[in-house]
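Below: the structure, in structure tokens.
Every number here is computed from the coordinates shown, using simple stated rules; none is lab data. Remember, it's a predicted structure, so these values are computed and weren't measured experimentally. Here Cβ is always computed from backbone atoms with ideal geometry, including for glycine, and neighbour counts include all displayed protein chains.
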Amino acid sequence: MRKEARVSYWLLAGLEEDIPRKVGFTTSLCAWCRHADWSGSCEDAELNCLHKLDVVAEDSMNVWAGCDCWGFRPAISREDAVDICGLYLQGKRADWSTVERLGKSRK
């Protein structure tokens, strides 16, 4: 995905300092990426990048820390990502099971 198309997701990732700690959500491009696989929950979650290129997966910890990632592919729409950040900024939690994934229909 071209950097211009990633910018909106990357800007949302920059909101981390404004999100109350009680919601336990860490923003990064990985939060919105279809290659991210998470184990655990909230603050205890661990990232496993499933990107098919090792060079992308090996850099995932830097991305989780706030760097850009040229291997990023969105898992959810920008509009849904904005709504989710809005909830977190209010100190609320999102119900991720109700968020429609790109390329998949809602159950």
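Points to keep in mind about this one:
- For the chain, the mean residue ellipticity at 222 nm estimated from helices alone is -8500 deg cm²/dmol, where every DSSP H run of n ≥ 4 contributes -39500 (n - 2.57) and the total is divided by all residues, rounded to the nearest 500.
- Vicinal HN-Hα couplings computed from phi for the range 11-16 (Karplus, 6.51 cos²θ - 1.76 cosθ + 1.60; Hz; Gly/Pro x): 5, 4, 4, x, 7, 3
- Summed residue charge, Cβ within 13 Å of His51's Cβ, Lys/Arg positive, Asp/Glu negative: -1
- Per-q log10 I(q)/I(0), the range 3-98, q = 0.12, 0.16, 0.17 Å⁻¹ (Debye; single scatterer per alpha-carbon; no solvent): -0.34, -0.62, -0.71
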